[in-house]
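Report on one structure; see the data block that follows.
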Number of protein chains: 2
Amino acid sequence: MTYCVGLALKDGLVLLSDTRTNAGVDNISIFSKMHVFKIPGERYLALLTAGNLAVGQAVVNMLHEGIKTNERVETLYTVSSPFRAAQLAGEAVRRLFHTEGDALKAQGVPFDVSILLAGEIKGRGMRMFQIYSAGNFIEATPDTPFLQIGEHKYGKPILDRVVQYDTDLMDGVKLVLVSMDSTLRSNLTVGMPIDLLVYRRGALAPDVKRRITEDDRYFQTVRERWGEALRDAYRAIPYPDWSTGS
Amino acid sequence: MTYCVGLALKDGLVLLSDTRTNAGVDNISIFSKMHVFKIPGERYLALLTAGNLAVGQAVVNMLHEGIKTNERVETLYTVSSPFRAAQLAGEAVRRLFHTEGDALKAQGVPFDVSILLAGEIKGRGMRMFQIYSAGNFIEATPDTPFLQIGEHKYGKPILDRVVQYDTDLMDGVKLVLVSMDSTLRSNLTVGMPIDLLVYRRGALAPDVKRRITEDDRYFQTVRERWGEALRDAYRAIPYPDWSTGS
C-alpha cells in the first residue's frame, strides 16, 4: 500500500508521498513514489503513484520515453498543458491495461494503479489531477482542494475539517504531515521516509523538495505536538451531564 | 456500511454504534445495531453487528430463539459464560453461512458480517469479543482494549493514540464520540442517530444507555470543541525552518 496526498491551493501545491512498497508483509522496500518532469523556467510537473508498483513505474517510464499518438510521440516534456499531461498519463494506464491486464488477471493480481499529477506549464496554469485505473481522471477544485491516493482513510478527517483553498502553503505542509502521521501509525504498509514537495504558483521550480526521514527534527516536532494536542483536546471536552440509568 | 466501536476498560465497557443501513445510496434506513440480552442481577450482554443487515438480524434472532447444540438448546440467556456466548454467536454465523452462503454468492452478495459481543455474567467476569464472518473470534485485552467493526479507519487514529486500559469510562465516552464524529464526517454510509452504552464492571446493569440524535446538546459540544481543538492544534505547530530550494 501507499499514501500520497496533494493540496492544490490558491498559492500553490503541497504534495507528500510515503516510500513503502510491499509484496506481502515480509518483503518491504523503499521506492520513491514522487516523480518530477521539469524544464527550467518552462514546466514543472510531479507525478505520484499508488497501487501496483510495476504498473506505476511503467507509466512513469512511458511518460519519459514517449507515447505515440496521432503520428506524434508525446512525453510529459512535450505536452502543451497540464490537462494534456493528465490525458497522456491516462492513455499510458490504458495501454498498460491492454498489454498487461490479462496476464495480471491470470495470476490473480488486480490491475490497480492510481496517480496524482500536479504542476504548471508556463502560460497554461497550475492544476492537479487524480487518474484512475481506467485512465479517466478528476481535477481538484477550490471546493475540494485536496486529493488522496492509496491508504487514504486514516489521514482524511483532519483534511476534511481544515483544508481550504486559501490555506497557506506552510499550513498545508503541517496538515499533510499530520495526515501522513495518522496513516503511518495505523497502517504498517505505509512507511518512512516520506517525500515532500512544495510548489509556489508561477514559480516553475520547487520551493521545497525534501526527503523527510525518521530523524527529521521538524517531523518529530509535528508528531509530538500533534499527539499532545489531541490528548489535551479530548481532556478539555467537558464530561456529559446525563443522569445514569437505562 | 456501519461503524461500531467498543472499549473494554479496567472500569467497564463503552460501546457505540451508528444506525445507518443502506442498499445503494438511495435506499437508506435507520436500524439499531446494538442488541441487549439481559437478566437483571445475573447477566448483561450487548451484541453489535456490522455487514449484511439480514445476516446480522438473523444472528440476533437465533441467539434469542436458541441454537441446538449437543442435545441442548442454548441462547444468550442460558450460556454459562461470555466466552460461551461468543462461541454461540460464532456458531450462529457458521450455520447462517451454511444455509445462506450459496444463495448470497449466486446473487453476487458477499457473506459479510462482523460482531462485537461484550458484557458480563455474574461470577464469570466481563469480556469483549469480535466475531468474524467465519465464526472465529478474538478478545480485547489490556494491551489492545478497543475493537472496531465496519468502517473503522477514519475513527482509528484517535483511539490508537489515546485509549488505554485504565482510561476512565467517561473519558472513553468522549473518545468514542470523537471517533464516531470523524467517521460520520468522512463516510456517508455511517449515519446518525447513534446508540451509546456505558457499563460499569460488576454492575450487571447499564450506567448509561442512550440514543444520541442530531439535536443532542452534549454531542454537539463534543463535535464543536473537537473541531476547534484540531484547528487550534495545527496552528500551534511551529512552521518548518527549512531553507527553500530543491
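The values are calculated or read from the model by the stated rules, or taken from the named source; none is laboratory data. Owing to the predicted nature of the structure, the values given are computational and were not obtained by experimental measurement. Here Cβ is always computed from backbone atoms with ideal geometry, including for glycine, and neighbour counts include all displayed protein chains.
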Inset, instruction - Considering every residue within region B:221-244, establish whether at least one is of a type in the set (Ser, Thr, Tyr), in a loop (DSSP other than H, G, I, E, B) and more than 10 Å from chain A (Cβ to nearest Cβ). - result: no
Inset, instruction - Inspect region B:130-143 for any residue being within 10 Å of another protein chain (Cβ to nearest Cβ) and closer than 22 Å to B:Met1 by Cβ and give the result as yes or no. - result: no
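Quick grid of which residues meet (1) of a type in the set (Asp, Glu); (2) part of a helix (DSSP H, G or I); (3) touching a strand residue (DSSP E or B) at 6+ places or on another chain (Cβ under 7 Å):
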position: B:Lys10; (1), (2), (3): no, no, no
position: B:His35; (1), (2), (3): no, no, yes
position: B:Lys38; (1), (2), (3): no, no, yes
position: B:Ala92; (1), (2), (3): no, yes, yes
Legend entry - Test for B:Val190: is it within 16 Å of the chain's Cα centre (by Cα), surrounded by 15 or more Cβ atoms within 10 Å (Cβ to Cβ) and modelled with pLDDT of 95 or more: no
Legend entry - Given (1) within 13 Å of chain B (Cβ to nearest Cβ); (2) part of a loop (DSSP other than H, G, I, E, B); (3) touching a strand residue (DSSP E or B) at 6+ places or on another chain (Cβ under 7 Å); (4) surrounded by 20 or more Cβ atoms within 10 Å (Cβ to Cβ), index of the condition A:Leu204 fails: (4)
Inset, instruction - Give region A:150-196 a look and list any residue that's more than 10 Å from chain B (Cβ to nearest Cβ), part of a loop (DSSP other than H, G, I, E, B) and small (Gly, Ala, Ser), or say none. - result: A:Gly191
Inset, instruction - Look through B:Leu47, B:Leu53, B:Leu63, B:Leu76 and report the one residue that is in contact (Cβ under 8 Å) with a residue 24 or more places away in the chain, surrounded by 19 or more Cβ atoms within 10 Å (Cβ to Cβ) and farther than 18 Å from B:Met126 by Cα. - result: B:Leu63
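Among the residues of region B:95-110, is there at least one that is touching a Gly at 6+ places or on another chain (Cβ under 8 Å) and either among the acidic types (Asp, Glu) or over 30 Å from B:Arg223 (Cβ atoms) (or both)? Lay out the reasoning, then the answer.
Within region B:95-110, the first condition is being touching a Gly at 6+ places or on another chain (Cβ under 8 Å), and the residues that meet it are B:97.
Next, only the ones that are either among the acidic types (Asp, Glu) or over 30 Å from B:Arg223 (Cβ atoms) (or both) stay: B:97.
Yes, region B:95-110 has at least one match.
Yes or no, residue by residue, for (1) over 18 Å from A:Pro193 (Cα atoms); (2) in contact with a strand residue (DSSP E or B) (Cβ under 6 Å, 6 or more places away or on another chain); (3) not in a strand (DSSP E or B):
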| site | (1), (2), (3) |
| --- | --- |
| A:Gly41 | yes, no, yes |
| A:Leu47 | no, yes, no |
| A:Ala50 | no, yes, no |
| A:Gly56 | yes, yes, yes |
| A:Val60 | yes, yes, yes |
| A:His64 | yes, no, yes |
